[in-house]
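Okay, so here's the structure we're looking at.
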Amino acid sequence: MKKTVLVVLASIVLSAGMHAEDRVLAAARDGEARKDVPAELELSLQEAQDYAIKQNRSLKNASLAVQEAYAQRWQTIAAMLPNVDGSYSYSNYLGYSATLSMAGRDVEINMPNVGALGLTASIGLNGQGIVGVLLNNIAIEMKKIALEKSESDLRGSVMSSYVSVLALQSISALLDSSLTNIQNLEQITQNAVDAGAAEQTTADQIRVRVNTLKNSINSQKRNIELATNSLKVLLDVPVETTLVLTENLDEVLSPDRVLALLGENFDIHNNLTYRTLEKSTALARRNVQMAGWAYGPTVSLGYNYTNQQYYGEGGMRMTPPNVVQVSVRMPLWSSGKRAAGVIEKKIAYEEAKNTLSETTDNLGIQYSQLCFNLTNAYETYVNEKDNIDVAQRVFASATNKYKYGASSNLELTNASNDLINAQSTYVQAVLSLVNAQVELEKFLNN
């Protein structure tokens with residue numbers, strides 16, 4: 001039982017895509033620096049999810065990635081806008097005079113010191129730059145979808161950990177109550193042994209039951225600590241922070257929530273996987289256009305202003321103060337390089353379309369399967385919840401009957417074992433239900 005619960009809890013942490021141990025240690029190191037985190041946090045499920053969204057560093061990086069994509073788009077736009085550069089230069093020829101031969105005569109020309117102030121403005125336009133802006137727009141949308149998906153994954157992970165803590169706490173409380181009852185029986189039996197009305201073997205067997213329940217309770221406490229630490233990791237709070245969960249298990253796993261989720265219509269355009277592939281296909285199509293524009297011309301327009309100032313007599317002004325330049329560059333021959341580039345992008349576009357079509361066909365099947373999984377998990381949860389109630393009543397009845405001598409030690413032992421097994425399968429049913437609910441919510445982008 002202990003191993004089963006530990007494995008299930010470990011899978012929750014792994015599904016969050018985080019290294020729990022490293023994150024817990026990091027949170028502990030940040031404990032003193034992060035004065036904004038109170039010593040105790042009281043959180044409902046919704047509040048815990050919102051708090052995790054606000055605090056999580058990975059989501060902050062995803063948000064920064066969106067801003068980075070906007071900056072990249074502006075760089076592409078700015079490359080097609082006018083660029084202006086200024087310059088200043090000073091030349092000192094150290095008294096050198098130039099000799100100019102004219103009509104058989106040598107004329108010396110002084111080379112005075114000269115300072116030159118220059119201003120250059122230029123603009124270049126081509127089809128690849130325009131398509132590049134469109135590619136950047138798609139990249140921004142993909143970053144936003146990735147951010148949305150990260151938020152959805154984090155909310156699902158928080159819900160799984162939150163429910164795990166609640167389920168383990170309820171089981172621990174149940175076992176504590178059972179331990180109190182059987183400890184009373186142990187004392188009664190030992191008193192009967194001391195009075196000569198019962199054998200020591202009977203009291204020893206009861207003590208074994210007591211120790212078994214104590215071991216199970218200790219195991220549950222360790223599991224609660226593990227689940228709580230996993231939740232702290234997701235909330236990104238210091239390890240010493242006390243978490244108080246204000247919702248109970250029945251509120252989180254209510255029939256109304258499950259039925260409402262199963263009753264939602266599936267809109268493929270809300271599915272994050274479909275939206276991502278749709279944008280990837282659009283990106284591949286734009287890449288074909290980008291490769292095609294490698295055959296297109298590049299038009300450049302430039303203006304150059306130069307103001308020379310001579311510091312001394314003489315000198316020749318060879319540089320015109322104003323120059324306007326217009327150029328058109330047309331690629332002519334690349335030995336098939338550009339043609340191969342276009343073919344490559346077209347093949348990639350066809351691959352993207354095939355992937356999108358296949359995914360579109362499969363998403364409907366996946367939705368039906370997720371609905372089936374949730375329905376089955378909920379039915380199992382209801383049955384296991386009833387089983388644990390029955391096991392608890394049977395154990396209480398066996399305890400009372402044994403107290404008055406109406407049942408044997410074997411019956412009490414069997415009832416105790418059934419209770420422990422029932423709580424183990426109940427925890428597994430709870431975790432299966434919440435995971436099925438989370439998967440469907442993420443699929444619907446709820």
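The values are calculated or read from the model by the stated rules, or taken from the named source; none is laboratory data. Computed from a predicted structure; not experimentally measured. Glycine gets a Cβ as well: all are built from the backbone with ideal geometry, and neighbour counts include every protein chain shown. Side chains included, ligands, DNA and RNA excluded: accessible areas come from the protein's heavy atoms. Shrake-Rupley method; radii C 1.70, N 1.55, O 1.52, S 1.80 Å.
In the chain, a dipole from Cβ-located charges (positive for Lys and Arg, negative for Asp and Glu) runs towards its positive end, and of Val165, Ala203, Phe372 it is Phe372 whose Cα lies farthest in that direction.
Percent of C-alpha pairs per 10 Å bin in the range 167-312, short distances first: 8, 15, 14, 15, 12, 10, 8, 6, 5, 3, 2, 1, 0.
Before I look further, what does the range 97-172 give for accessible area per residue, probe 1.4 Å, in whole square angstrom? It would help to have the intermediate numbers written out before the result.
Working: 3330 Å² over 76 residues.
Averaged over the residues of the range 97-172, the accessible area is 44 Å².
Normalised by 2.2 N^0.38 Å, where N counts its residues, the alpha-carbon radius of gyration of the range 252-310 equals 2.66.
Per-residue surface analysis assigns Ser230 an accessible area of about 10 Å², computed on protein heavy atoms at 1.4 Å probe radius.
Spacing of the modelled spin labels on Ser101 and Thr319, each 7 Å from Cα toward Cβ, amounts to 2.9 nm.
Taking a straight Cα-Cα cut-off under 29 Å and skipping sequence neighbours fewer than 8 places away in the same chain, the lysines within cross-link reach of Lys353 are Lys143, Lys144, Lys149, Lys279, Lys337, Lys345, Lys442.
Taking all protein chains in place and a 1.4 Å probe, what share, in percent, of the accessible surface of the chain do carbon and sulfur account for? Ligands and nucleic acids excluded, carbon and sulfur give 53 percent.
Note on Val324: accessible area is roughly 100 Å² with a 1.4 Å probe, heavy atoms of protein only. For Cα extents along the principal axes in Å, computed directly from the structure shown, the correct entry in [x] 79, 56, 37; [y] 201, 77, 48; [z] 146, 53, 35 is [z].
A convex hull fitted to the Cα coordinates of the range 101-251 yields 335 cubic angstrom per residue. Backbone phi angles across the range 139-148, fed through the Karplus curve with coefficients 6.51, -1.76 and 1.60 (θ = phi - 60°), yield HN-Hα couplings of 4, 4, 4, 5, 5, 5, 5, 4, 5, 4 Hz in residue order; Gly and Pro are listed as x.
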